[in-house]
Structures are given as C-alpha cells and as structure tokens.
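Asker: Mind looking over this structure? Questions follow.
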Amino acid sequence: MAILKPGRRNLALAAVCLMLCASAGATPYVPADDRIVLERLPEKGDPALAHLKRMRAELAANPRDLDIAVPVVRRALEAARTLGDPRFLGEAQAALAPWWKAADAPPIAVLLRATLKQSEHDFAGSLADLDPLLEANPAMAQARLTRATVLTVLGRYADARRDCASLAGRVAPVVVIGCEAGPASLSGEARAAYDALAGILAQQDADPGVREWAQTLAAEIAARRGDFTAAEAHFRAARALDPRDAYLKGAYADFLLDRDRPRDVLPLLRDDTRNDTLLLRLALAERRLPDQRGIFTEHRSDLAARFDAARRRGDSVHRREEAQFRLVIEGDAHAALALARENWAVQREPADLRILIEAARAAGDAAALKIATDWIAAHHLEDAAVLAGLQVVR
Amino acid sequence: MIRIIVLLACAILAAPAFAHKASDAYLTIERDGASLRGQWDIALRDLDNALGLDANADGDITWGEVRMRETDIAAYAMRRLQVSSHGERCTLAPLAYLVDTHTDGAYAVLKFSGACLHAGPTLAIDYRLFEGLDPQHRGLLNYVEHGQSRSVVFSADTPQRIVGGDSGGAWRQFATYVDEGVWHIWTGFDHILFLLSLLLPAVFVRMPDGWRSSMSFRASFVDVAKVVTAFTLAHSITLTLAALSIVVLPSRLVESGIALSVVLAALNNLFPVVANGRWLAAFGFGLLHGFGFAGALHDLGLPAGSLALSLAGFNLGVEAGQLAIVVLFLPLAFALRSTWAYRRMVFAGGSAAIAMVASVWLVERAFNVGVFSALAAR
C-alpha cells in the first residue's frame, strides 16, 4: 500500500469516515473510537438547562414535593417553548405525575397541567382544567390569562376578552392591554387594539419578558393591518429583548417571507434546524433562492423524515406546518387541504385560516373556501395576507 | 491527534440536521416459532435522562461513555420489556451493542434474542420503557413474522398489546388456531374428564336394577353422538359470545362451575339421577365449558383483523380433539363393556376417582386455594 503523506492520510480517513457516517441511519454500527462524540446534550453551554437537570434529580428523590415540582415544570415548559423541544414537555408531565389525573390537585398543579395541555394543542383538555379552576379561584390571574390565550386560539374572542377585562387591577396594565389586544384585533378592532398596545409599550416600565411578548404581539397586529414599517420596528424591539425566543423567530420569519425577503430568513434561522417549525420556514426561504438549492433539497428530505416520524408516533401537533410543507414544498394540494381542514377543527388562528385558504384554492375546493370566507365575515377579521389570498381567488 | 479531530468532525459534519422531537424508541421483534430476534433503538439523550450516561458531565456523550454502561443500558431496557407467549414469559438476552442515528440524534442499538417455552399464535408484549420518567415516550414496534411486518405503538396509556396471529395468510392462521384448539382440549383435563364421565355409561342401558350392557353398538353410538353434539353446540355458543365480549363472566365463577360439572357428571354414574337425558346435562354444562375455552383463547390473543377466522379455527380444533378422544374411547369401551374390569374399575372406580379429583378442583377454584400444590409441597 502506498504511503500517504499525513495530510493525504487524513483526507483518506475523512473520506472513509464520511462513507461510514453517511451509512448511519441505515445500518447500526460500532464507532471506531471511544472519544467520538455521539450526542450533545441540551444542557451543554446552557446553565439554565443544567440547573433544570439538577432540580429534576432533586425532584426524583421527592416526587411528591410540590415546591420542587412547580419550578421544574415552569422551567421545562419555558425550555420547550424557547427551544421548540417537545422532550421538555414530557419532563414537565413527568414532574406533574402525582397530580396529573387527580381531581383534587392543588390549584398551581392544575394551572401547570392546563398550560402543558395548551402547549400540546389539547385545548379542550386545557379548558377542562381551567374552567373549574377559575370557578373556584376567580382571582387567579395566570389561569385567566392562559384561558384567554386558549379561547383566542379557538376563536372564542368574546369569551377571551371577558377574561382579559377581569384582569384589570390585578396585573400590570401592559398585560391587561396585551391580553385584550389579541382577541380584539381578530374581531374587528385591530386599530384600537394596536394603538392601546403601542401606547402602553411607549412607557417601557414592564419587565423584559412581558415587553418582549407585547412587542411580538404588536408586530403581528401591525403586520396583519398592513403597517409593515411598524411591524418591522416591533419585531426588532422584541428581538433585542430576547433573540432566542423560537415563537418570535417563527413569527418574524413569516413576516419576512410575506414581505418577499427570503434572504433575511437565512441568518435568522440558520442555527435552528432542530426545531421543525423553524426548519420549515428556513426551507420555505431557501426554496425561493436559487443559490440555496443544495441545502434546500437536504432540508426538504429532513422535514419529510420528521413529519413521517411524528406520524409514526401518532403525533398531530404540527398539522398546520405539515399542511404548509405538503402544499408549498411538495405541491400536494389535496393532502395539504386534508391536513389544513383537520387543523382548522382544532385551532383557529390567522395562520390556520391562511393555510386553509391556500390549500383550498390550490385544490379547487369551494366548500373549504367557504368555511374560510364565512369565518372572516362573521368575525370581521382584518388580515392583509389573508385578504390578499382571497383576492387572488376571485 | 489530527486523526481524532477528523473523526470527530466527521461525526458531526455527516449528521443530518437533527430534529427536536418527543421521545420515541424503535423496537423490532422478529418471530420464528418459539424463538425471537430483536433490535431496540433507544435515544442516548433519553438513556442519559434515566441512567446518567454523561460520566464526566461535559454535556457530550461519547462512545466510550456509552460502551462503559452498555450492560446497564441492556439491563434497564430489558426489565421494561416483557414478551409472553401462551401466557408464559419469554426470556430475552442481549446479543450486541451498536449505535445509529435517527431524525433527532444518536441512539443506542441493542440487539437481542429471545426464547419462548411454547410457540403460541400471538405474543403479548408489555412495554414500559421510561415509565414515570417521560409519560410522552412512545415505543414504536415493528413486528415481523412470516416475512410480513406490522407496526404497533406503545404509550403510557397503552403499555400492553397483543401482536401476531394474523400474518402468513389466512390458511396458516386458521391452521394455527385449529392446532391450539386441539392442544387445549388434550391438555385441559377438566374438559376431558367431564366428557369421559358422560361417555362412560354410553355402553350401558339404564335398568331399574342398575346399569346393563348395551345390546347394540348402534344404540351406544347414537347415545355418544347425542352427548357430544349437545356439548359441542353449547360450548360453541358461549365460546363465541365470550370471545366477542358479548357475554363476560368472572373466570373464578366459570372455573368453579366447570369443576362442579365434572363432580356432578361423575356422581351421576354412581348414583344415577339422569340416565337417558345425559345430552341435556351435556348441553347445560357445555355452556359453562365454552366460557372456559374462551378464557384460554383470551390468553392466546385474537388478532383483531381476522377474529372470526381464528375463533372458528380454535373451535374446530376443540371439536377435532374431542372427536379423537371419542373415536378411541367408544370401540374400546363397547368391547369391554361386559367385563368386570370395565364395570367395576373403569366405570365405578373411574367415576369415583373423577368425582374426587374434581371436588378438590372445586374447592381450589371456588376458594382460591391450592390443595394439590399444598400436598405436593409436603
């Protein structure tokens, strides 16, 4: 065998190992070296997650200690939200196990249970916990805010606003106004809702987490109203407060895609390929950029594999995203419409309406389209992108 | 050193974009008769959660850290997977430890073999990996038999599933259940003793002064046919009703009732109450025996997709097994019917012995105590 120079030898080694690694996923193998890193744990370089792991170990020793369980659940829910990592939802549920099915669980446990169900899009389950909880504890502000959010997602705007109104005087004004702004902006009062929110945000006295939430909300309302300059400003303000928030990144990416700025999506989401909903937006951007063809093809097959994996385990949380994937990336209008309709039966946010309209349009399904137009007429929805989608139909 | 860096870099570079995903494990079980082969892919991140794989706590799991704990991993996983055939637990033994990648990262791959005592038509699987640690964990089973595969999902709410019995084509499946039916009647002594108790007097005729030898084989044959037909008809009805969950009786009641039926049938030979209407008794108690067969069928498991076929096969197997007993019994008994040995030893002595054995069963089953096992233990 020819003796290779060190550089060449490494190249050859790299080639061999690339072949080996490429075959991973098809055939199980025995790694060549003990030092090979197989998995990077989420707590690597994240002190908050390392702390969560220690708290979980403490809880494991005292599983019925609510005082330990509550912060574990809170942090796990927070991690699931910011990272878009559903394994933390499993951890949260495990921490709540002693109170998961108990009818007489303490109020805080019921609230966390409802929040977890909301995170998994089990809105009916969430309400089934929140309704009796608020009946017994009408002053529980966090429960009321959570219920308002769930009711808004379900399109029950009047009920949501009633919950928000009863928060007045119990929480910071920005929370009351933000709570109110969501359902109000979706039921014909977008302008007033935005003005109130922008007004309170100008005062800048709430804590950064609440401000980030309110800025994101303001950005979304402004974008729906067609005030793109204001939307951009609010998105930037929110990003400055928390650049890692996955929900915010997704909302901003949607905005950029709508404004036909796919190239701006790349740096925003490049490091978020683990999150399915963010990878989808990244792929949607790459699809529109000819110089991103290679990576787009890769991300497209990654997404297909992930939706397939979710289906195998019986998950249907990301029906909206899967409908978008089927429609825009795979060009399968009928599959997309079936998913969009299933999704619409569960949740009714503007984005859910939008994918329903787009899929119905592509599939030429007048009945599905009528569901959407009836909804818009009934609720006086003001949404530039949704209405633009309907214009094309006519 | 450079070599290692290249290796490490390649491990990261070649990986696809990993997903954030809820916890799944991928289990494959391949069955060939009583022997099993399996592969279980379990996420390293989940194993770290359960067992703490990251020995140096640097946030990276290396192959060395996995290799060091491979027997712990196997022991942890195997304790949480039970595979049973014919109501008996199969033994599972690890064969090899490997790694692989799935959409959300690296997985430990555990290859194992399994051996069951009896090759039943189905496997009962009890899956409890990460129970208590992650209620959202799912076990995705790919079950392979006769070259066909089917998928089953285990979750915290459904940790037990029955697989198999519906692969390999309708004919093979039917044959399997016929076989199980025959096997069940031949090893189900209570059913055999009940049948024998009713058959023993078939070669006699009841006279006011006692049992007399029957004059014609034809008359005995008709008598046997009536008893067997009535018994068959009755237990077919209740077997079907119970297998389809239309009528469900507590098994303690059923099993005690069966024991009682054996006692009464045997005593009736010694102290006749019912002579020529034995087919009626066969029918009445046959209803109870059908519930007993259904219990055995339940342990085997019925494939949901082709329930009727398996049920019919099992029933037919029971009839065939029972018919074989009759075919052996009748000519022999008829030939010996006038001998002292048959009249005194087989008929009278046999009936008394059956009545005694069945009385013990009755006590055991009704009061849930082990008389025979207590005697054997002394």
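The values are calculated or read from the model by the stated rules, or taken from the named source; none is laboratory data. Owing to the predicted nature of the structure, the values given are computational and were not obtained by experimental measurement. Every residue, glycine as well, gets a Cβ built from its backbone with ideal geometry; the counts of neighbours run over all protein chains shown.
Asker: Can you go through B:F189, B:F194, B:F285, B:F271 and tell me which one is out of contact with any helix residue (DSSP H, G or I) (no Cβ under 9 Å at 6 or more places or on another chain), assigned by TED's automatic domain parsing to the domain that holds B:Q322 and within 20 Å of B:A353 (Cβ to Cβ)?
Answerer: B:F271
Asker: Now, a different point. Does B:S359 satisfy the condition of being more than 22 Å from B:A230 (Cβ to Cβ), in a helix (DSSP H, G or I) and at pLDDT 90 or above? Steps first, please.
Answerer: On the way: more than 22 Å from B:A230 (Cβ to Cβ): yes; in a helix (DSSP H, G or I): yes; at pLDDT 90 or above: yes.
Yes: the conditions hold for B:S359.
Asker: Check off (1) at the interface with chain A (Cβ under 10 Å from one of its Cβ atoms); (2) free of Cβ contacts under 8 Å to residues at least 40 places away in the same chain for B:I73 and give me the number that stays unchecked.
Answerer: Result: B:I73 fails condition (1) only.
Asker: Another one. Could you say which residue among B:L328, B:L264 is under 18 Å from B:R365 (Cβ atoms), in a helix (DSSP H, G or I) and more than 19 Å from the chain's Cα centre (by Cα)?
Answerer: Step by step, each of B:L328, B:L264 is checked, and only B:L264 is under 18 Å from B:R365 (Cβ atoms), in a helix (DSSP H, G or I) and more than 19 Å from the chain's Cα centre (by Cα).
Asker: Are there any pairs, at least 6 apart or on different chains, whose C-beta atoms fall under 8 Å, with the first in segment B:48-64 and more than 7 Å from chain A (Cβ to nearest Cβ) and touching a residue at least 12 places away in the same chain (Cβ under 8 Å) and the second surrounded by fewer than 20 Cβ atoms within 10 Å (Cβ to Cβ) and in a helix (DSSP H, G or I), and if so, which?
Answerer: These pairs meet every condition: B:A50/B:Y76; B:L51/B:D72; B:L51/B:Y76; B:A55/B:M68.
Asker: Additional query: Just to check your reading of the model, which residue among A:A184, A:A223, A:A193 is over 21 Å from A:K249 (Cβ atoms), in contact with an Asp or Glu (Cβ under 8 Å, 6 or more places away or on another chain) and crowded, with 24+ Cβ neighbours inside 10 Å?
Answerer: Unique residue meeting the criteria: A:A193.
Asker: I would also like to ask the following. For A:R300, are the conditions met, namely being within 14 Å of chain B (Cβ to nearest Cβ) and touching a Lys or Arg at 6+ places or on another chain (Cβ under 6 Å)?
Answerer: Details: within 14 Å of chain B (Cβ to nearest Cβ): yes; touching a Lys or Arg at 6+ places or on another chain (Cβ under 6 Å): no.
Answer is no for this residue.
Asker: For B:E88, all conditions in the list (1) under 22 Å from A:A32 (Cβ atoms); (2) at pLDDT below 95; (3) of a type outside the set (A, V, I, L, M) hold save one; what is the number of the exception?
Answerer: All conditions are met except number (1).
Asker: Hey, any hits in segment A:57-76 for a residue that's within 12 Å of chain B (Cβ to nearest Cβ) and under 23 Å from the mean Cα position of the chain (by Cα)?
Answerer: Scanning segment A:57-76, I find at least one residue that is within 12 Å of chain B (Cβ to nearest Cβ) and under 23 Å from the mean Cα position of the chain (by Cα), so the answer is yes.
Asker: Collect the residues in segment B:142-161 that are within 21 Å of B:N49 (Cβ to Cβ) and in a strand (DSSP E or B), keeping them in residue-number order. Spell out how you get there, then give the answer.
Answerer: Going through segment B:142-161, the residues within 21 Å of B:N49 (Cβ to Cβ) turn out to be B:153-157, B:159.
Within segment B:142-161, B:V153, B:F154 meet the criteria.
Asker: Please go through segment A:255-274 and give me each residue that is buried (at least 21 other Cβ atoms within 10 Å of the Cβ) and under 23 Å from A:P208 (Cβ atoms), ordered by number.
Answerer: Scanning segment A:255-274 gives A:F255, A:L269, A:D272.
Asker: Can A:R74 be described as basic (K, R) and modelled with pLDDT of 95 or more?
Answerer: yes
Asker: Here's another thing I want to ask about it. Across segment B:108-125, which residue is nearest to the other protein chains (Cβ to nearest Cβ) among those that are modelled with pLDDT under 95 and not in a loop (DSSP other than H, G, I, E, B)? Please lay out each step first, then the result.
Answerer: Filtering segment B:108-125 for residues modelled with pLDDT under 95 gives B:116-125.
Pick out the ones that are also not in a loop (DSSP other than H, G, I, E, B) and you get B:122-125.
Details: B:T122: 22, B:L123: 20, B:A124: 21, B:I125: 17 Å.
Selected residue: B:I125.
Asker: Let me ask something additional. Do we find that A:D159 is surrounded by fewer than 21 Cβ atoms within 10 Å (Cβ to Cβ), under 25 Å from the mean Cα position of the chain (by Cα) and farther than 18 Å from A:V73 by Cα in this structure?
Answerer: Yes: the conditions hold for A:D159.
Asker: Any residue at all in segment A:344-366 that is acidic (D, E), touching a residue at least 24 places away in the same chain (Cβ under 8 Å) and not in a helix (DSSP H, G or I)?
Answerer: yes
Asker: Being at pLDDT below 95, in contact with a helix residue (DSSP H, G or I) (Cβ under 9 Å, 6 or more places away or on another chain) and farther than 18 Å from A:A360 by Cβ is the requirement here; does A:A310 meet it?
Answerer: Working: at pLDDT below 95: yes; in contact with a helix residue (DSSP H, G or I) (Cβ under 9 Å, 6 or more places away or on another chain): yes; farther than 18 Å from A:A360 by Cβ: yes.
It is true that A:A310 is at pLDDT below 95, in contact with a helix residue (DSSP H, G or I) (Cβ under 9 Å, 6 or more places away or on another chain) and farther than 18 Å from A:A360 by Cβ.
So that you can scan it fast, the table gives a plain yes or no per residue for (1) in a helix (DSSP H, G or I); (2) more than 12 Å from every other protein chain (Cβ to nearest Cβ); (3) under 16 Å from the mean Cα position of the chain (by Cα):
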{"site": "A:R281", "(1), (2), (3)": "yes, yes, yes"}
{"site": "A:A309", "(1), (2), (3)": "yes, no, no"}
{"site": "A:V317", "(1), (2), (3)": "no, no, yes"}
{"site": "A:E321", "(1), (2), (3)": "yes, yes, yes"}
{"site": "A:F325", "(1), (2), (3)": "yes, yes, yes"}
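Asker: Considering each of A:A124, A:A160, A:A214, A:A230 in turn, give the residue that is in contact (Cβ under 8 Å) with a residue 40 or more places away in the chain and in a helix (DSSP H, G or I).
Answerer: Just one listed residue meets the conditions, A:A214.
Asker: Which residue is modelled with the highest pLDDT, if the candidates are limited to segment A:13-36 and must be within 15 Å of B:D104 (Cα to Cα) and within 7 Å of chain B (Cβ to nearest Cβ)?
Answerer: Result: A:G25.
Asker: Another one. Please go through segment B:331-356 and give me each residue that is among the β-branched types (V, I, T) and not in a helix (DSSP H, G or I), ordered by number. Even if it seems obvious, please write down each step before you answer.
Answerer: So the first thing to find is which residues in segment B:331-356 are among the β-branched types (V, I, T), and the list is B:339, B:346, B:354.
Correct list: B:T339 only.
Asker: Considering A:T229, A:T273, which residue is over 30 Å from B:F18 (Cα atoms) and polar (S, T, N, Q)?
Answerer: Exactly one residue qualifies, and that residue is A:T229.
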